[in-house]
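The values are calculated or read from the model by the stated rules, or taken from the named source; none is laboratory data. Since we're looking at a predicted model, the values are computed, not measured. Glycine also receives a Cβ, built like all others from the backbone with ideal geometry; neighbour counts cover every protein chain displayed.
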Amino acid sequence: MRHTISVLVENKFGVLTRVAGLFSGRGFNIDTLNVAPCHHAGASRMTLVTEGDDATLIQVVRQLNKLPEVLEVQDFREQLYVDRELVLVRVSADAQTRSEIMQITNIFRAKIIDVHPESITIEITGSEGKIAKFIDLMDPYGIQALTRTGTVALPRA
């Protein structure tokens, strides 16, 4: 089962290593990890996506709550939340394919952020499913480079 967890932590040396260690110590792979400062002074929010059974994940959440640098843990398994990911992708584009790529980009409400004679760089945000479909459609044109932020999530109000 896929799990999205949000962890509010103090900005201190070694916190990321300790949090990641809890997952690896229990045989969980972290599929995506996003860490950035948030609106709390001196704190950051980690968003982790992992797969595993509920029982082990409940234990990981309990262990996370015991770390002194952890301020709050939210397991989105039991509540509604919104999530997004940002992707930058550079696609091969010549005079013949440029308009097709631009049409697909418009359909997905993505943005063209850079244009070169032989490529287009596109920014797209959305759910994991939307991102996957867009990448599948760009693949035949030739993806030259791609980078992803990983999932970020917040509970619904």
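For region 22-78, a residue qualifies if it is closer than 16 Å to Leu8 by Cβ and among the aromatic types (Phe, Trp, Tyr), and exactly one does: Phe76. Number of residues in region 112-140 that are modelled with pLDDT under 95 and acidic (Asp, Glu) equals 1. Scan region 136-151 and tell me whether some residue there is within 28 Å of Arg2 (Cβ to Cβ), of a type in the set (D, E, K, R) and in contact (Cβ under 8 Å) with a residue 12 or more places away in the chain. For region 136-151, residues within 28 Å of Arg2 (Cβ to Cβ), of a type in the set (D, E, K, R) and in contact (Cβ under 8 Å) with a residue 12 or more places away in the chain: present. Residues that are surrounded by 11 or more Cβ atoms within 10 Å (Cβ to Cβ), small (Gly, Ala, Ser) and at pLDDT below 90 within region 25-51 are absent altogether.
I'm checking my understanding of the structure. Among residues of region 81-111 that are among the acidic types (Asp, Glu) and surrounded by 15 or more Cβ atoms within 10 Å (Cβ to Cβ), which one is modelled with the highest pLDDT? Don't jump to the end; show me each part of the working.
Pass one, region 81-111, residues among the acidic types (Asp, Glu): 83, 85, 94, 100.
With the extra rule that they be surrounded by 15 or more Cβ atoms within 10 Å (Cβ to Cβ), the set shrinks to 83, 85.
On the way: Asp83: 91, Glu85: 95.
Applying the filter and picking the extreme gives Glu85.
A single member of Lys66, Lys12 is surrounded by fewer than 14 Cβ atoms within 10 Å (Cβ to Cβ) and in contact with a Gly (Cβ under 9 Å, 6 or more places away or on another chain), and it is Lys12. Name the residue that is nearest to Thr17 (Cα to Cα), counting only residues in region 52-63 that are among the hydrophobic types (A, V, I, L, M, F, W, C) and surrounded by fewer than 19 Cβ atoms within 10 Å (Cβ to Cβ). Selected residue: Val61.
Taking region 9-34 only, how many residues are out of contact with any helix residue (DSSP H, G or I) (no Cβ under 8 Å at 6 or more places or on another chain) and closer than 20 Å to Gly150 by Cβ? Counting residues in region 9-34 that are out of contact with any helix residue (DSSP H, G or I) (no Cβ under 8 Å at 6 or more places or on another chain) and closer than 20 Å to Gly150 by Cβ gives 11.
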